[in-house]
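Trainee: The structure's right below; bear with me while I get my questions together.
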Amino acid sequence: MTARTLRLLSLLGCALLAGGCTSLNPHLDDLGPVYKPANARGPSVWPTAIRRVAILPAHDTSGRLPAGFVTSYDTIWRRTLDRSQRAEFVGLNRTQLTTWTARETFATTALLPPDLLPRIARETDAQAVLFLDLNQCSPYPPLILSFRARLVDLSTGETIWVADELFDSGNAPTARAARRYAQANVSGKGEATSAIVQSPTRFAEYAFQSVGELLPPRFVPTAK
């Protein structure tokens, strides 16, 4: 075997080794701490009387986001809630709300028309309604998504559960948590995993899922 051949084989082996290392461990810093949202208040267990929940469209509190960008979050949020299996979730669209109230959305802290909650209960047969505020959304890296969710009892108008969180991909523990979410939920590795901190849709999936897990559990685990 010639010296030239040996050098080529050596270079090829180094390239394969480097490629393998990159594939197996694309983010060495992912071994550090991750962000864990915890800013939620509510009961220790999901209320048994709440069997169906109506979902209001997302509300842009800044008033500056493109309409199509805001509505894209409705679908992502709905998928997250369905996966939670806390109740049956029924979406209310903007056309319905406009017909009823001449408004497409309502903020979590908005003064509501006096007949809105009874009408939602009557039209959807739901026992609660879930509001969603989009407080800050940055579609360009570093991605930022800040939102507030509020679950309200339709019969009393009282808050059952509320969560208020900010996810910033420029924060290392948050980016790390997002990539770990992608690794656990997406078949792709490497660049597919890294893309979650570049894609507003993928990043929103991670953020909503993280907060959805803060919903009160349906059952309290029994001590063994």
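The values are calculated or read from the model by the stated rules, or taken from the named source; none is laboratory data. Everything numeric in this text was worked out from a predicted model, so none of it was measured. All Cβ positions, even for glycine, are placed from backbone atoms using ideal geometry, and neighbour counts span all protein chains on display.
Trainee: How many residues are closer than 28 Å to ARG86 by Cα, at pLDDT below 95 and aliphatic (A, V, I, L, M) if we restrict to segment 158-193?
Mentor: Of the residues in segment 158-193, 3 are closer than 28 Å to ARG86 by Cα, at pLDDT below 95 and aliphatic (A, V, I, L, M).
Trainee: So if I check each of PRO57, PRO43, which one is assigned to a loop (DSSP other than H, G, I, E, B), modelled with pLDDT of 95 or more and more than 20 Å from ALA204 (Cα to Cα)?
Mentor: Being assigned to a loop (DSSP other than H, G, I, E, B), modelled with pLDDT of 95 or more and more than 20 Å from ALA204 (Cα to Cα) holds for just one of PRO57, PRO43, which is PRO43.
Trainee: If the Cβ limit is 9 Å and pairs must be 6+ apart or interchain, which residue in segment 195-208 that is under 11 Å from PRO141 (Cα atoms) and small (Gly, Ala, Ser) pairs with which residue that is at pLDDT 95 or above and not in a helix (DSSP H, G or I)?
Mentor: These pairs meet every condition: SER199/LEU143.
Trainee: Condition test on THR95, is it out of contact with any Phe, Trp or Tyr (no Cβ under 7 Å at 6 or more places or on another chain) and either free of Cβ contacts under 8 Å to residues at least 60 places away in the same chain or buried (at least 21 other Cβ atoms within 10 Å of the Cβ) (or both)?
Mentor: yes
Trainee: Inside segment 111-144, can you point out the residues that are touching a helix residue (DSSP H, G or I) at 6+ places or on another chain (Cβ under 6 Å) and modelled with pLDDT under 95?
Mentor: PRO139, the sole residue that qualifies.
Trainee: Please find, among THR22, THR99, THR5, THR95, the residue that is over 30 Å from ALA177 (Cα atoms), at pLDDT below 95 and among the β-branched types (Val, Ile, Thr).
Mentor: Sole residue among the options that is over 30 Å from ALA177 (Cα atoms), at pLDDT below 95 and among the β-branched types (Val, Ile, Thr): THR5.
Trainee: Looking at (1) surrounded by fewer than 14 Cβ atoms within 10 Å (Cβ to Cβ); (2) within 30 Å of GLN96 (Cα to Cα); (3) modelled with pLDDT under 95, find the lone condition where LYS224 falls short.
Mentor: (2)
Trainee: Follow-up question, since we're still on this one. Return the residues of segment 133-172 that are under 14 Å from TYR73 (Cβ atoms) and either β-branched (Val, Ile, Thr) or touching a Lys or Arg at 6+ places or on another chain (Cβ under 7 Å) (or both); say none if nothing qualifies.
Mentor: Once the filter is applied, which keeps residues that are under 14 Å from TYR73 (Cβ atoms) and either β-branched (Val, Ile, Thr) or touching a Lys or Arg at 6+ places or on another chain (Cβ under 7 Å) (or both), segment 133-172 yields ASP133, ASN135, ILE144.
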